[in-house]
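First up is the structure itself, then whatever we jot down about it.
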Amino acid sequence: MHELTLQIVRFVDEAQPGWVEAEFVDAQGLRHSLIDKIPIFTAEALWTDSKYPVAGGVGCEVLERYRDENGQEVVRISTDKPCCVESTKGLTEFVVPARLVTWVPM
């Protein structure tokens with residue numbers, strides 16, 4: 001499975017199992033926010049009293065790899081699979097620097 005590297009920036013809701021907000025910056029320099037359950041982003045036991053930001057990640061599907069007009073290696077990904085996660089703006093497809101996407105053995 002591929003994973004998009006994120007920064008978990010804050011605790012959002014105590015509803016079980018706890019909800020957090022995570023962010024990343026795409027290849028265009030735009031910041032995106034995702035809000036979901038803690039286990040979607042990390043195995044750490046985060047809560048209201050945890051110190052933020054914390055490194056995290058979200059499963060993603062790699063749709064395409066290429067070099068952009070500046071020669072930067074980028075990846076077009078979808079967060080719809082495998083976890084059905086969307087940004088706070090309702091987006092599930094993003095173009096991100098390739099360094100933010102890693103392969104994680106299951």
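The C-beta contact set for region 1-23 (first residue farther than 16 Å from residue 55 by Cβ, second residue small (Gly, Ala, Ser), distance under 6 angstrom, 6+ apart or interchain) comprises 1/59.
Scanning region 49-97 for residues that are touching a Leu at 6+ places or on another chain (Cβ under 7 Å), of a type in the set (A, V, I, L, M) and free of Cβ contacts under 8 Å to residues at least 60 places away in the same chain gives 54, 58, 85.
Within region 79-106, the set of residues being of a type in the set (Val, Ile, Thr), surrounded by 14 or more Cβ atoms within 10 Å (Cβ to Cβ) and part of a loop (DSSP other than H, G, I, E, B) comprises 79, 85, 92.
Enumerate the strands (runs of 3 or more DSSP E) found wholly within region 1-78, keeping only those where 3 or more residues are over 12 Å from the mean Cα position of the chain (by Cα) and either of a type in the set (D, E, K, R) or modelled with pLDDT of 95 or more (or both). Step through it out loud before you land on a result.
Numbers: elements: 2-13, 19-25, 31-37, 54-67, 73-78.
By residue number, 2-13, 54-67, 73-78.
The values are calculated or read from the model by the stated rules, or taken from the named source; none is laboratory data. A quick note: this is a predicted structure, and the numbers were derived from the prediction, not measured. All Cβ positions, even for glycine, are placed from backbone atoms using ideal geometry, and neighbour counts span all protein chains on display.
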